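The values are calculated or read from the model by the stated rules, or taken from the named source; none is laboratory data. All of these numbers come straight from a predicted model, not from anything done at the bench. Virtual Cβ from ideal backbone geometry, glycine too; neighbours counted across all protein chains shown.
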Amino acid sequence: MKPVGSKLPNAGTTIFTVMSRLAEQHGAINLSQGFPDFQPPERLQELVSYHLRNGRNQYAPMTGVRSLREAVALKIETLYGARPDPDSEITITSGATEAIFCAIQAVVGPGDDVIVLDPAYDSYEPSITLAGGRTIHVPLRAPQFAMDWERIAGNLGPKTRLLIINSPHNPTGTVLSAADLDQLAELLRPHDCLVLSDEVYEHIVFDGIAHASALAHAELARRTFAIFSLGKTCHATGWKVGYCVAPADLSQELRRVHQYVTFATATPLQFALADYLVEAPEHYRALPQFYQERRDYFGALLADSRFKLLPARGTYFQLADFTAISDRGDVEFARWLTTTHGVATIPVSVFYADPPADRLVRFCFAKESRTLDAAAAKLKAL
């Protein structure tokens, strides 16, 4: 038999799986992979149980349960002032990663360039590669991880099909402003370039900052796939429910792919989430304060450690410089920290095509206080 060639020869198991497995093997506290160690709201769990018991157990519509699409449209209108059409512009997906994959497959083909901004979430490039596109890596500007407008402009050209932005940004915790979106719109105006706006941490922004959604920017919205995660919003990452909002023509192309990837997402979860979004909007409105308290609590615990914490304006991740602790590379340091000292983390270099020499790791603080207390005790002992 002819050997099977790999379509992703440079892709191994994701660092998130690797570090979580290592944490399990060594009994380490897992601050690596981005998931809470607390439960979804009790009322939401009750709604799931209700819909399970009341017959919502067969295929959902390919585009998503209508009540959920309507609830999403209402939420977007309330928060961002623009109401997408639930029928033609909102698609429920099996997590944000599926939406990202389907959007890229829908519009990127051989000969197309896609700009990603490093450090970048690790699903972007494999999806581009599978579509036949070429990934153009443009680093964010150190040390603030700001948009490097000059370098982005220098990489835009006739082959540029898509530019991917992510705010609030994983792994750095930076947040784009409305002025940033204005500048992006101006930069893209002469180009036939679409945008994928990864906004899965839309509700996790701190210090009074408002999330600047591409959907609130009329000019950008016309060329954008905006992607969100209800799993992250509702502390239920294992449910894998996300959605994509895009103009009707882009949504139509995304759905052509989506129908052959997952077709539909778990029906009782969709009905429950639809009810909960309408019934309890105070949940997502309270998330900035909820997670800011955890950021500040974790930061205070590590204030007298040898880690240097970088500013975190959004997401539930905290970058930490370990230069004062070790001269190891970040991948080696992360393994050492997990296997020897019992705290799992993520090395930041894995988010880069060409990593800088920084010694940075990423901690997830979406944890109960007792988890953060136990982890901090180990980290302060270094």
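Quick notes on this structure:
- Within the stretch 81-136, if we keep just the residues that are charged (D, E, K, R) and more than 15 Å from Thr160 (Cβ to Cβ), the residue that is surrounded by the most Cβ atoms within 10 Å (Cβ to Cβ) turns out to be Glu89.
- Criterion: hydrophobic (A, V, I, L, M, F, W, C), touching a residue at least 24 places away in the same chain (Cβ under 8 Å) and in contact with a Cys (Cβ under 9 Å, 6 or more places away or on another chain) - qualifying residue of Ala185, Ala226: Ala226
- Enumeration of residues in the stretch 49-71 that are surrounded by 18 or more Cβ atoms within 10 Å (Cβ to Cβ) and either among the aromatic types (Phe, Trp, Tyr) or farther than 21 Å from Arg256 by Cα (or both): His51, Arg56, Ala71
- Only one entry in Val65, Val72, Val116, Val108 is farther than 20 Å from Asp198 by Cα and modelled with pLDDT of 95 or more, namely Val65.
- Test result for Leu220, touching a residue at least 24 places away in the same chain (Cβ under 8 Å) and either polar (S, T, N, Q) or more than 19 Å from Gly81 (Cβ to Cβ) (or both): no
- Picking from residues in the stretch 276-287 that are under 19 Å from Glu368 (Cβ atoms) and crowded, with 16+ Cβ neighbours inside 10 Å, the one that is farthest from the chain's Cα centre (by Cα) is His283.
- Tabulated pairs, the stretch 5-17, first closer than 14 Å to Phe351 by Cα, second of a type in the set (D, E, K, R) and not in a loop (DSSP other than H, G, I, E, B), C-beta under 7 angstrom, 6+ apart or interchain: none
- When we screen Ala226, Ala212 for residues that are of a type in the set (A, V, I, L, M), within 14 Å of His169 (Cβ to Cβ) and outside any helix (DSSP H, G or I), the only hit is Ala212.
- Taken together, Ser229, Ser197, Ser213 contain a single residue that is under 15 Å from Ile76 (Cα atoms), touching a Gly at 6+ places or on another chain (Cβ under 6 Å) and buried (at least 22 other Cβ atoms within 10 Å of the Cβ), which is Ser229.
Yes or no, residue by residue, for (1) assigned by TED's automatic domain parsing to the domain that holds Leu31; (2) part of a loop (DSSP other than H, G, I, E, B); (3) without any contact (Cβ under 8 Å) to a residue 12 or more places away in the chain; (4) within 25 Å of Asp122 (Cα to Cα):
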position	(1), (2), (3), (4)
Gln318	yes, no, no, yes
Glu332	yes, no, yes, yes
Thr338	yes, no, no, yes
Ala357	yes, yes, yes, yes
Arg370	yes, no, yes, no
Ala374	yes, no, no, no
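- For the condition farther than 21 Å from Leu176 by Cα, in contact with a Pro (Cβ under 9 Å, 6 or more places away or on another chain), surrounded by fewer than 21 Cβ atoms within 10 Å (Cβ to Cβ) and at pLDDT 95 or above, Pro247 qualifies.
- Search result, residues across the stretch 137-152 that are buried (at least 16 other Cβ atoms within 10 Å of the Cβ) and part of a strand (DSSP E or B): His137, Val138, Pro139
- If only residues of the stretch 1-39 that are among the charged types (D, E, K, R) and farther than 28 Å from Tyr201 by Cα are counted, the one that is farthest from the chain's Cα centre (by Cα) is Lys2.
- Just so you know, in the stretch 301-342 the residues that are touching a Leu at 6+ places or on another chain (Cβ under 9 Å) and basic (Lys, Arg) include one that is farthest from Gly231 (Cα to Cα), and it is Arg306.
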